[in-house]
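**Q** One structure is given below, represented as C-alpha cells, and several questions about it will come after.
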Amino acid sequence: MNKILKKIEFSSLVTGFIVEAPEVARSRRAGHFVIVRTGEKGERIPLTIADSDKEAGTILIIIQRVGVSTNKLCDLNEGDYITDLVGPLGQSTHVADFGTVVCACGGVGAAPMLPIAKALKEADNKIIVILAARTKELIILEEQFRQFADEVLIYTDDGSYGIKGLVTNGVEKVIKREKVGKVEAIGPAVMMKFVSLLTKQYDIPTEVSLNTIMVDGTGMCGACRITVDGQTKFVCVDGPEFDGHKVDFDEMIMRLSYREA
C-alpha cells in the first residue's frame with residue numbers, strides 16, 4: 001500500500017496526489033506510467049508519472065474524474081492509502097536534440113507531457129507547449145510548464161482563457177512561423193489523430209502517448225492492443241508512445257467507444 005502525502009485539487013474534475021513510492025521514484029524516466037488500484041476489488045487504472053522526487057521517494061500522479069473508479073480514487077485524502085501501485089511500466093521517451101519541439105496537450109494530457117517536455121528541454125531542445133482544453137477550468141500545470149518551457153500557448157474551445165480555438169490551430173501556427181523538428185501530442189484519441197494528420201502534411205515526426213483500455217500492464221491480457229503500421233502492438237509494453245503517423249486511430253477510437261458504451 002502506498003500512502004498519499006499531499007492532495008492537489010487542480011480543478012473540480014482533476015486531482016493530483018503526491019504518493020510514497022520510493023522504488024518507483026528511483027527508477028522512473030519520462031514516459032513511464034503506473035497502474036493503481038483502490039480497494040481489493042477496484043479497477044486497475046493506468047496513470048502516467050507526472051513527476052518524482054528521488055530523495056523524498058515520492059511520485060506525482062494526476063487523475064481526471066470520468067467514472068466510478070476515478071471518482072473513488074479522487075475522493076481519497078492525505079493520509080489515505082492506495083491499495084496497489086505497480087510500476088514503472090512501459091517504454092521511456094526517446095530523448096534527443098530535435099531542435100524545436102512542439103508539445104501539444106489536450107486537457108489532462110498535460111500531466112504525462114510534463115516529464116517528457118522537461119526531459120526534452122534538458123536535451124537542449126527549444127520547447128513550445130500548447131495547452132488546450134474545453135474551458136479554462138480544465139487547463140492544468142500552466143505554471144509548471146512556464147518554469148522551463150520557452151513558450152506556452154493556451155487554447156480553449158469556448159474562449160474562456162487564452163485563444164479561442166483548437167490545439168491543432170496552435171500547432172499549425174507554430175509550424176508556419178518556424179522550423180519544427182518534432183511534435184509530441186498527448187490528449188484524447190481524436191485530438192491526437194488530428195494533430196497527427198496535420199503534422200503528416202508538413203512531414204514533421206510526431207510522437208503520441210496512448211491511453212487505451214488496460215488490465216494487467218504486462219502484455220498478457222491483450223486489452224490494450226492497437227495497430228501500428230499494420231502490426232499489432234500492446235500499449236502497456238511496446239508503448240505508451242508511438243509514431244502518430246502510423247497509429248490506426250480509427251480502430252483505437254472504435255475500441256475505446258466500447259468502454260464508454
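**Q** Any chance the range 29-45 includes a residue that's surrounded by fewer than 21 Cβ atoms within 10 Å (Cβ to Cβ) and at pLDDT 90 or above?
**A** no
**Q** So, one more: So is residue 256 farther than 22 Å from residue 99 by Cβ, of a type outside the set (Ser, Thr, Tyr), in contact (Cβ under 8 Å) with a residue 60 or more places away in the chain and surrounded by 15 or more Cβ atoms within 10 Å (Cβ to Cβ) or not?
**A** Details: farther than 22 Å from residue 99 by Cβ: yes; of a type outside the set (Ser, Thr, Tyr): yes; in contact (Cβ under 8 Å) with a residue 60 or more places away in the chain: yes; surrounded by 15 or more Cβ atoms within 10 Å (Cβ to Cβ): yes.
Against the criterion (farther than 22 Å from residue 99 by Cβ, of a type outside the set (Ser, Thr, Tyr), in contact (Cβ under 8 Å) with a residue 60 or more places away in the chain and surrounded by 15 or more Cβ atoms within 10 Å (Cβ to Cβ)), residue 256 qualifies.
**Q** Something else: Quickly run through the range 102-119 and pick out the residues that are surrounded by fewer than 24 Cβ atoms within 10 Å (Cβ to Cβ) and more than 12 Å from the chain's Cα centre (by Cα).
**A** 118, 119
**Q** Follow-up. Where residues in the range 65-85 are in a strand (DSSP E or B) and surrounded by 18 or more Cβ atoms within 10 Å (Cβ to Cβ), which of them is nearest to the chain's Cα centre (by Cα)?
**A** Within the range 65-85, the match that is nearest to the chain's Cα centre (by Cα) is 85.
**Q** Looking for whichever is among the polar types (S, T, N, Q), touching a strand residue (DSSP E or B) at 6+ places or on another chain (Cβ under 6 Å) and buried (at least 21 other Cβ atoms within 10 Å of the Cβ) here; the options are 199, 232. Which one fits?
**A** 199
**Q** Additional query: Please find, within the range 1-26, the residue that is nearest to residue 142 (Cα to Cα) out of those that are touching a strand residue (DSSP E or B) at 6+ places or on another chain (Cβ under 6 Å) and assigned to a helix (DSSP H, G or I).
**A** 25
**Q** Ok, one more. Name every residue in the range 103-136 that is of a type in the set (Val, Ile, Thr) and part of a helix (DSSP H, G or I), in order of residue number. Write out each step before concluding.
**A** The first filter runs over the range 103-136 and keeps only residues of a type in the set (Val, Ile, Thr), leaving 108, 116, 127-130, 135.
Answer for the range 103-136, where residues must be of a type in the set (Val, Ile, Thr) and part of a helix (DSSP H, G or I): 108, 116.
Results for (1) in contact (Cβ under 8 Å) with a residue 40 or more places away in the chain; (2) in contact with a Cys (Cβ under 9 Å, 6 or more places away or on another chain); (3) under 19 Å from residue 181 (Cα atoms), shown as yes or no for each residue.
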position: 63; (1), (2), (3): yes, yes, no
position: 72; (1), (2), (3): no, no, no
position: 80; (1), (2), (3): yes, no, no
position: 90; (1), (2), (3): yes, yes, no
position: 97; (1), (2), (3): no, no, yes
position: 104; (1), (2), (3): yes, no, yes
position: 107; (1), (2), (3): yes, no, no
position: 116; (1), (2), (3): yes, yes, yes
position: 120; (1), (2), (3): yes, yes, yes
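**Q** Taking residue 180 and the conditions (1) buried (at least 18 other Cβ atoms within 10 Å of the Cβ); (2) modelled with pLDDT under 85; (3) in a loop (DSSP other than H, G, I, E, B), which numbered condition does it fall short on, given that it satisfies the others?
**A** Answer for residue 180: the failing condition is (2).
The values are calculated or read from the model by the stated rules, or taken from the named source; none is laboratory data. None of the values given here were measured: they were computed from a predicted structure. For neighbour counting, all protein chains shown are included, and Cβ atoms are generated from backbone atoms with ideal geometry for every residue, glycine included.
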